[in-house]
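One structure is given here, and the rest of the page talks about it.
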Amino acid sequence: MEISVQWIRTSWTKQSRGGEAAARRNAAPVGFIVPHAPPSVAHVVRMRERDGFDPHDSHEDLRKVDVQLREADGRLRVLPRVQPLFAIPPRLRRPPAACLVPGQWVRWQLNYRFSSAAGMQDWWYWLDTFNIAYGPVGGDVFLSAPTVFIDERGPLR
């Protein structure tokens with residue numbers, strides 16, 4: 001069965017935690033039109049503070065995307081991996097995997113805060129948004145409301 005994967009990573013520093021920069025970051029899209037690509041490829045979009053949160057897209061092999069996808073019994077099991085282990089916020093209890101039937105799609109969001117190991121650099125942040133559709137869908141599927149929405153964002157302080 002056909003699987004469409006879009007991985008959006010938005011990254012910023014504390015300069016974008018308030019004011020106009022935060023408004024620009026918060027206005028960044030969480031879904032894009034999916035360009036035609038082979039089935040083993042994910043559409044990857046990066047939006048960085050240093051680029052004014054303008055989207056830059058590419059394609060990557062599905063094995064490089066931080067999400068587990070398993071097909072069984074006419075369903076797709078979706079569970080993003082939480083990487084790396086030292087990131088904040090801690091995730092002691094995670095939601096169960098999303099199980100999709102053909103025609104459904106999930107939007108799953110996770111956020112992170114990092115600093116240098118020695119604490120010598122400022123904090124930096126990122127938001128991962130995974131849009132994953134099971135079955136044949138149109139290129140604009142991720143511009144609509146998802147069938148399943150899982151918000152695993154936590155407080156970043």
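Values in this text are rule-based calculations from the coordinates and carry no lab data. Everything quoted here is computed from the prediction, not taken from an experiment. So basically every Cβ, Gly included, is an ideal-geometry build from the backbone, and we count neighbours across all protein chains shown.
Over the chain, what number does the Rg to Rh ratio reach, with both radii from the alpha-carbon atoms and Rh per Kirkwood?
0.97
Search the structure for amide H atoms under 5 Å from the amide H of Ile3, placed 1.01 Å from N in the peptide plane, and list their residues when 5 or more places away or on another chain.
For Ile3, the qualifying residues are Gly135.
Just want the answer: with Cβ charges of +1 for Lys and Arg and -1 for Asp and Glu, which residue in Pro35, Thr13, Ala98 is farthest toward the dipole's positive end in the chain?
Of the options given, the answer is Thr13.
Mind checking the alpha-carbon convex hull of the stretch 22-115 and giving the volume per residue in Å³?
Each residue corresponds to 143 Å³ of Cα convex hull volume.
How large is ³J(HN,Hα), in whole Hz, for each residue of the stretch 51-57 in order, when computed from phi with the Karplus curve 6.51 cos²θ - 1.76 cosθ + 1.60 and θ = phi - 60°, using x for Gly and Pro?
So the J values, rounded to whole Hz, are 9, x, 6, 6, x, 10, 10.
Rounded to the nearest 500, what is the 222 nm mean residue ellipticity of the chain from helices alone, with -39500 (n - 2.57) per DSSP H run of 4+ residues and division by all residues?
Estimated from H runs of four or more residues: -1500 deg cm²/dmol.
Quick one: order His56, His36 by neighbouring beta-carbon count within 10 Å, fewest to most.
By the 10 Å Cβ count, ascending: His36, His56.
Using the basic label-point model (7 angstrom from Cα toward the beta carbon), what is the His59 to Val101 distance in nanometres?
3.2 nm
Show the residues, 5+ positions off or on another chain, whose built amide H is closer than 5 Å to the amide H of Arg48.
Ser11, Phe53, Asp54
Springs between alpha-carbon pairs under 10 angstrom, Gaussian network model over the chain: which of Trp108, Trp123, Trp12 fluctuates most?
It is Trp123.
Arranged by the count of other C-beta atoms within 10 angstrom, fewest first, what order do Thr13, Thr129 take?
Lowest to highest Cβ neighbour count: Thr13, Thr129.
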